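Trainee: Shown below is the structure under consideration.
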Ligand SMILES: Nc1ncnc2c1ncn2[C@@H]1O[C@H](COP(=O)(O)OP(=O)(O)OP(=O)(O)O)[C@@H](O)[C@H]1O
Ligand SMILES: [Mg+2]
């Protein structure tokens, strides 16, 4: 496993050990313990053979029952001891798996959350979670124990040689064939395991997006067509799985049969030696059992090979992702921003892409002001605000709060100073109060109420049957689009953040909701915060004092609202003509 890890991480230098490798290294003493246990287990595994040898060569010729009883008792105790050790070893491996999972699971969650914002994902978004599960379950299974037994193979072979060189050679020949089988299993199933896992990811993506778009699928009769895609992916997935299973299963059985054949072969060689009086009768049986035991881990390993390969591939994928998104360094705590937002020559690319969506945007806002951003569809408004709230990283330029670039804040600390209402609102499973309080543990009631009041959504919430405790299902299923948007506005205002960024906050609002929005913006300005609001409809711009227009990712005009509106009016007869017209009450 460690070899696979180091081979998989060419980008990770020797000095800075990868997170996975150090998680594994943290279990070093447990691994040493397992190695010691494996040594003892393998020594104890000689018990059966030695008993056989003694019975044949000592008890039977002497016909001594007391010797037999004595030997039997000792043997039984040794077997018991071996059993206990194997149980302990198995438990230690399970705990190592859990320890690694425990050490990494926070980082894996972090990967799942940040990956879509930083990298182009190849899996279905949850791949890292499954990869960690795979590593843990393979570590906890019977495979690794077999790997710890394998190094003892030469020891058993040496004993076979000690019995007689012919017996040793027979066992050695068998061992070589089995090792070749292992290598072949690896070669032949590696690719199909990898393909199977990428088909599985594609299938999961399809299932997930179908589930999210259930209404569209059903209402437009698209489910049959997507079902066809699902089937196709299923066929491909199962096909690759089948190849991997066939290879692994086929070689597994071949290995087992070969091992049994080898045991009989050793028996035959032993018989030959006895006939020629070169060995005792006990040796035949003892060496036959010994050979079987020596090679058992090999066929266990072959049988487990598919799991090893998936664990190795999971490991490699995680190594790459963890190196791509290193854990954020601990940041110095900065004072809360109170003065300004400056954007300097900001260029924003799409995540993990060269394509620049926003170029060269610069503006400066003082506390107490609000900026309205307008522009045609796809002019880069949402991309700009994603960079303002730190969700997307700029490729050039900077966003500064009181002079410090937002990267200088740790994401959690920055989050307290930012309120963000995205264009596509999604709420989390939980109560309305929890959603407004951003899932803070034990949020002060007055803060939740203050946010609801600031967003003008208190009355709407108390009119719901369970008020603030109303549980919203996944994707806020219980609320209408307008209600969701207003609850999300309250969430953005929770804790009086300095910078409040609203991306088309009124797209689903009625007149009352728009009034509430205007009041909310004025409220933030009154408490010396800053608001940036993207809007297609001028109603959202009543409360702003600055305006910016965007075209094709560039800033066209920026200035006090009246000035910009006047400039627009001069250039075009209808100032908001290029804007998308969204009818009131549109959903
Ligand atoms: N995640 C993304 N990856 C790659 N390109 C993207 C992504 N999101 C948006 N874009 C592209 O960025 C451009 C600007 O999109 P953006 O969402 O910023 O426009 P917008 O001005 O907010 O439009 P609208 O008014 O329709 O909301 C579009 O051409 C779009 O295709
Ligand atoms: Mg947008």
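FYI, it's all coordinate maths here, none of it is from the lab. Just so it is clear, the model here is predicted, and its values are computed rather than measured. Positions of Cβ are backbone-derived with ideal geometry, glycine not excepted, and every protein chain shown enters the neighbour counts.
Trainee: Taking 8 Å as the Cα distance limit and 6 or more residues as the minimum spacing, I'd like the relative contact order of segment 467-522 as a percentage.
Mentor: Contact order relative to length: 30 percent.
Trainee: Turning to a different aspect of this structure: So if R0 is 30 Å, what FRET efficiency would residue 545 and residue 353 give, r being the distance between their Cβ atoms, rounded to the nearest 0.05?
Mentor: Efficiency for this residue pair is about 0.30.
Trainee: Specify the angular offset, from 0 to 90 degrees and rounded to the nearest 10, of the alpha carbon long axis of helix 65-118 from the longest principal axis of the alpha carbons in the chain.
Mentor: With rounding to tens, the tilt is 20 degrees.
Trainee: How big is D, in µm² s⁻¹, for segment 444-489 by Stokes-Einstein at 20 °C and 1.002 mPa s if Rh is the Kirkwood radius over C-alpha pairs?
Mentor: Roughly 198 µm²/s, to the nearest whole number.
Trainee: Fully extended, how many nm does the chain gain between residue 362 and residue 404 (0.36 nm per residue separation, minus their Cα-Cα distance)?
Mentor: 13.6 nm
Trainee: Using the beta-carbon distance between residue 424 and residue 85 and R0 = 56 Å, what value does 1/(1 + (r/R0)^6) give for FRET efficiency, to the nearest 0.05?
Mentor: After rounding to 0.05, the efficiency reads 0.45.
Trainee: Zone of residue 22 (label point 7 Å along Cα→Cβ, backbone N under 14 Å): which residues in segment 327-364?
Mentor: Zone members listed by number: 327-330.
Trainee: Relative contact order (percent) for segment 2-324, with alpha-carbon contacts under 8 angstrom and 6 or more residues of separation?
Mentor: 30 percent
Trainee: Enter the angle in degrees (range 0 to 90, nearest 10) between the Cα long axis of helix 153-163 and the first principal axis of the Cα atoms of the chain, meaning the one along which they spread out most.
Mentor: Result, in degrees: 0.
Trainee: Take the alpha-carbon centre of segment 441-508, take the same for segment 210-226, and report the distance between them in whole Å.
Mentor: 30 Å
Trainee: Could you give the angle, 0 to 90 degrees to the nearest 10, between helix 561-571's Cα long axis and the longest principal axis of the Cα atoms of the chain?
Mentor: That helix lies at roughly 80 degrees to the long axis.
Trainee: How large are Rg and Dmax for segment 2-324 when calculated on the C-alpha trace, in angstrom?
Mentor: 25.2, 89
Trainee: In percent, what relative contact order does the chain have, based on Cα pairs under 8 Å that are 6 or more apart in sequence?
Mentor: 14 percent
Trainee: Could I get the Rg over Rh figure for the chain? Both from C-alpha atoms, Rh via Kirkwood, rounded to two places.
Mentor: Reported Rg/Rh (Cα atoms, Kirkwood Rh): 1.17.
Trainee: Next question. Report the FRET efficiency, 1/(1 + (r/R0)^6), for residue 324 and residue 215, where r is their Cβ-Cβ distance and R0 is 35 Å, rounded to 0.05.
Mentor: The formula returns an efficiency of 0.50 here.
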